[in-house]
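This report refers to the structure that appears directly beneath it.
The values are calculated or read from the model by the stated rules, or taken from the named source; none is laboratory data. Because the structure is predicted, anything quoted here is derived from the model rather than measured. Note that we place each Cβ from the backbone using ideal geometry, even for glycine, and neighbour counts take in every protein chain shown. Note: accessible area is taken over every heavy atom of the protein model, side chains too, but ligands, DNA and RNA are not part of it. Shrake-Rupley method; radii C 1.70, N 1.55, O 1.52, S 1.80 Å.
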Amino acid sequence: MRILTPYEKNFLTKNNFDLLSPALQTATPVEYLVGRAQFRGLNFFVDNSTLIPRLETEQLVDLALENIFKNYSPNQKIIIADICTGSGCIGVSLALELIKKNQDFHLYFSDISKTALAVAQKNFNYFLPDHSHLATFLLSDLFSQFPKNVSLDLVISNPPYIPTKRIKTLDNSVKNYEPLIALDGGDDGLFLINKIIANLPKIQNNKVNALIELDENHTISQIKKSEGLNPSLIKDSFGKNRFLSLLSL
Ligand code: GLN
C-alpha cells in the first residue's frame, strides 16, 4: 500500500473510497481513483482522458466573467468557446455563473479527444440538466469543426502548454497518469496557443476576445502577433504569469 498524504486520505474518505483497495498499490492520482475532482468548489467528473483541474485555472473563469460583464449587457447573446475543454470544468463553471446573472449566451465546448469531450458533456448534463440548448459539443482539433458561420465573442482555453522537453521533469503523478496530449505544447510549449491565435480571425466577429492559460515562463515576445488583438499577460494568485489576454482593439 502506498503512503497517503493527509489530503489524499481526506479526499478518498470523503468520497467513500476503500482505503484498503488494491488500486492504492499504484501511484494513480486519487482524483482518477474516485473519478471526481474539485474545481471552484464543485465536484467534477474526471477520467484519465482529462487533466485534473488545477487551482490556478479557477481564475480563468473569473477573468472571463470580468470580461463579459464589462463588455456586454445581460440581454446581449454572447457566443463563447471553451476549446481543449477536457473535463469541461472551465466552461461549465462559467455557464453556471452566467445563468445566475441572467446573461444570455451560447457555449461551444470542443476537444480533440472523444473520451474527454464525453466527460465534458457528462459534467454539463450533471450541473446544468435543463440547459442543453445553451451548449454545443464539438469533437474538433481547435476550430477545425466549428460551423463556418459561427461568430465567437470570447474564446477561453487551457490548452496543452508544457514544452516537450520539460515533460520528463514533471512529477510522476502527472507525467505517468495525466494525458500527455493535454500537457505537451510542442518545442516551446506554444504550438497550440499560437495556432489558436492564427485561427482566431477565421471564426471571429469583429471584436473577439480570448483568455488562454499558458506557462509561467512564456513571454509576450513569443506570442504570435495578430492584427487588431492586444496581447497582455495576467498573473495567477501565486504571482506567476499564467494567462494570456487577447483583447480586440
Ligand atoms: N498546469 C498544468 C501542469 O502544471 C499543465 C496544464 C496544461 O498544459 N494545460 O501540469
>> Looking only at segment 57-73, how many residues end up being surrounded by fewer than 20 Cβ atoms within 10 Å (Cβ to Cβ) and under 20 Å from residue 119 (Cβ atoms)?
In response: 1
> List pairs: first in segment 155-179 and of a type in the set (Lys, Arg), second near the ligand (Cβ under 10 Å from one of its atoms), Cβ under 9 Å, 6+ apart or cross-chain?
Replying inline: 166/189; 166/215; 168/175; 175/167; 175/183
> Does segment 67-83 contain any residue that is among the polar types (S, T, N, Q) and in contact with a helix residue (DSSP H, G or I) (Cβ under 8 Å, 6 or more places away or on another chain)?
Replying inline: no
>> So residue 185 passes all but one of these: (1) loosely packed, with under 14 Cβ neighbours inside 10 Å; (2) closer than 30 Å to residue 230 by Cα; (3) within 16 Å of the ligand (Cβ to nearest atom). Which condition number does it fail?
In response: (1)
>> Among the numbered criteria (1) touching a residue at least 12 places away in the same chain (Cβ under 8 Å); (2) surrounded by 14 or more Cβ atoms within 10 Å (Cβ to Cβ); (3) under 20 Å from residue 34 (Cα atoms); (4) within 14 Å of the ligand (Cβ to nearest atom), which one does residue 123 miss?
In response: (4)
>> Go through (1) open to solvent by less than 20 Å² (accessible area, probe 1.4 Å); (2) farther than 16 Å from residue 186 by Cβ for residue 133 and report which single condition fails.
In response: (1)
> From the list 24, 94, which residue is part of a helix (DSSP H, G or I), surrounded by fewer than 22 Cβ atoms within 10 Å (Cβ to Cβ) and more than 16 Å from the ligand (Cβ to nearest atom)?
Replying inline: 24
